[in-house]
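Some notes on the structure that comes next.
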Amino acid sequence: MKKRLFSGIQPTGEVHIGNYLGAIKNWASLLDSYECIFSIVDYHAITVPQDPKAMPQQILHVATVNIAAGLDPKRSIIFLQSQVPEHTELAWIFHTLTPLGHLERMTQFKDKARQHRENINAGLFSYPILQAADILLYKAEVVPVGEDQVQHIELAREITRKFNARYGNLFPEPQELLSTAPRIMGLDGKTKMSKSLNNYISLTESPEDIWKKLSVAVTDENRKKRSDPGNPENCNVYSLHKHFSSPEEIDWSANGCRTAGIGCLECKKCLSDNIVRELKPIREKALALFEDPAYVVEVLKSGAERCQEMARQTMREVKEAIGLRVSAKRR
Ligand code: AQP
């Protein structure tokens, strides 16, 4: 029997190469090794303000791009979180087990609270509890994520232990699975690449726009002019080469930077060509799928139906364990 795997992505904007290298590419490579469930986590997305008119389009966009990037609906389940109400039901139960102090320590909460000072809501604070429910509703054992999510998976384990200790062993302890690129930095070179910050290259970006964005990307800031030698270890463009370029090109970039043998623009051009080449099939498939939203809607619908069955079963077991199921039968 294959172990079950769960992961999610928020429909908060364009899917970028950070999501791709940190998560989606890894997900696609795991389809045959695990029983895979992927969710477009719209309830997580609304913990920061979203435009209700744009939301349906964002959901379809993120689902479509994930399918185009390798999530094969025939070999995995892809569904929309809000179509399976048991996620929030189980999250409520987990709220009663989660110490406030644990939530206060979450780095993502602190970062998002700083970004959205005008809307620091309770959902943003308890986001990791809903994430624990997402995973445990399907008793998933493996959760492939980027590094930013590891703290949340640790909390999910903590919640699992508390539930199992109080109510009996129902849930397995989920483990994170990191890709070889767990943290891709944004083109500003300073913050994590994010959908909600304008520091990304999206998976459907045109070749012209990829070059436009890369040509102004921050490199080693101590390299002030072409003739200055630089330090590739301080350069995000070099870091990206490691994920898109051949070993020879990676060496060429590092040596050329250290000796001032090449300029940053030359180095970026090579990277741009390689990113364009890797993203080409994804972009083409996504553009074709954008013309067929009915197919994507159907994938989400049938995914939700399959999840619903598993979710109902788990909730029956949870309620039984907690003592919330009443019956007229005498004991
Ligand atoms: N920069 C990144 N490097 C590596 N992995 C990343 N992930 C996100 N950014 C990077 C991983 O992608 C998966 C889906 O992410 P998400 O949509 O759930 O939320 P996020 O981590 O908050 O992603 P963003 O792009 O930064 O979205 P916004 O701006 O809306 O907050 C996760 O596995 C994540 O680790």
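The values are calculated or read from the model by the stated rules, or taken from the named source; none is laboratory data. Just so we're clear, the structure is a prediction, and the values are computed from it rather than from any experiment. In this analysis, Cβ positions are derived from the backbone assuming ideal geometry, glycine residues included, and neighbour counts consider all displayed protein chains.
Go through (1) hydroxyl-bearing (Ser, Thr, Tyr); (2) over 16 Å from His243 (Cβ atoms); (3) more than 7 Å from the ligand (Cβ to nearest atom) for Ser179 and report which single condition fails.
Here Ser179 clears every test but (2).
Against the condition in the same structural domain as Lys139 (by TED's automatic domain parsing), over 30 Å from Ala321 (Cβ atoms) and surrounded by 17 or more Cβ atoms within 10 Å (Cβ to Cβ), how does Ser179 come out, does it pass?
Yes, satisfied.
Have a look at Gly146, Gly189, Gly168, Gly123 and point out the one that is of a type outside the set (A, V, I, L, M), buried (at least 20 other Cβ atoms within 10 Å of the Cβ) and in contact (Cβ under 8 Å) with a residue 40 or more places away in the chain.
Gly146
So, of the residues in segment 147-176 that are hydrophobic (A, V, I, L, M, F, W, C) and assigned to a loop (DSSP other than H, G, I, E, B), which turns out to be farthest from the ligand (Cβ to nearest atom)?
Residue satisfying both the conditions and the ranking: Leu170.
I'd like the full set of residues that are out of contact with any Pro (no Cβ under 9 Å at 6 or more places or on another chain) and in a loop (DSSP other than H, G, I, E, B), limited to segment 85-114.
Matches in segment 85-114: Pro85, Thr96, Leu97, Pro99, Arg105.
Residues of segment 314-331 being of a type in the set (Ser, Thr, Tyr) and modelled with pLDDT under 95, which ones?
Passing the criteria: only Ser327.
Considering only segment 25-42, state which residues are within 14 Å of Ala69 (Cβ to Cβ) and surrounded by fewer than 24 Cβ atoms within 10 Å (Cβ to Cβ).
Residues satisfying the conditions are Lys25, Asn26, Ala28, Ser29, Leu30, Leu31.
Taking only segment 185-227 into account, find how many residues are away from the ligand (no atom under 12 Å from the Cβ), within 19 Å of the chain's Cα centre (by Cα) and among the small types (Gly, Ala, Ser).
Looking only at that region, the number is 0.
Within segment 289-315, take every residue that is closer than 15 Å to Ile78 by Cα and over 23 Å from the mean Cα position of the chain (by Cα) and give me the one that is surrounded by the most Cβ atoms within 10 Å (Cβ to Cβ).
Going through the qualifying residues, I end up with Glu309.
So in segment 244-270, with the set limited to residues that are exposed (fewer than 15 other Cβ atoms within 10 Å of the Cβ) and hydrophobic (A, V, I, L, M, F, W, C), which one is farthest from Tyr20 (Cα to Cα)?
Looking at the filtered set, the residue picked out is Ala260.
Out of Thr107, Thr64, report the one residue that is of a type in the set (S, T, N, Q), surrounded by 15 or more Cβ atoms within 10 Å (Cβ to Cβ) and more than 10 Å from the ligand (Cβ to nearest atom).
Exactly one of Thr107, Thr64 is of a type in the set (S, T, N, Q), surrounded by 15 or more Cβ atoms within 10 Å (Cβ to Cβ) and more than 10 Å from the ligand (Cβ to nearest atom), namely Thr64.
Could you check segment 193-205 and list, in sequence order, the residues that are in contact (Cβ under 8 Å) with a residue 24 or more places away in the chain and surrounded by fewer than 17 Cβ atoms within 10 Å (Cβ to Cβ)?
Of everything in segment 193-205, just one residue is in contact (Cβ under 8 Å) with a residue 24 or more places away in the chain and surrounded by fewer than 17 Cβ atoms within 10 Å (Cβ to Cβ), namely Ser196.
For a quick check of your reading of the model, give me the residue pairs whose first member lies in segment 70-97 and is without any contact (Cβ under 8 Å) to a residue 40 or more places away in the chain, whose second is surrounded by 22 or more Cβ atoms within 10 Å (Cβ to Cβ), with beta-carbon atoms closer than 6 Å and at least 6 apart or on different chains.
Pairs that qualify, where the first residue is without any contact (Cβ under 8 Å) to a residue 40 or more places away in the chain and the partner is surrounded by 22 or more Cβ atoms within 10 Å (Cβ to Cβ), are His95/Ile129.
Taking the stated definitions as given, is Arg114 more than 28 Å from Lys319 (Cβ to Cβ), more than 16 Å from the ligand (Cβ to nearest atom) and either out of contact with any Gly (no Cβ under 7 Å at 6 or more places or on another chain) or outside the structural domain of Met310 (by TED's automatic domain parsing) (or both)?
So Arg114 fails the test.
Restricting attention to segment 1-24, and to residues there that are touching a residue at least 60 places away in the same chain (Cβ under 8 Å) and more than 10 Å from the ligand (Cβ to nearest atom), which single residue is surrounded by the fewest Cβ atoms within 10 Å (Cβ to Cβ)?
Out of the qualifying residues, it is Lys3.
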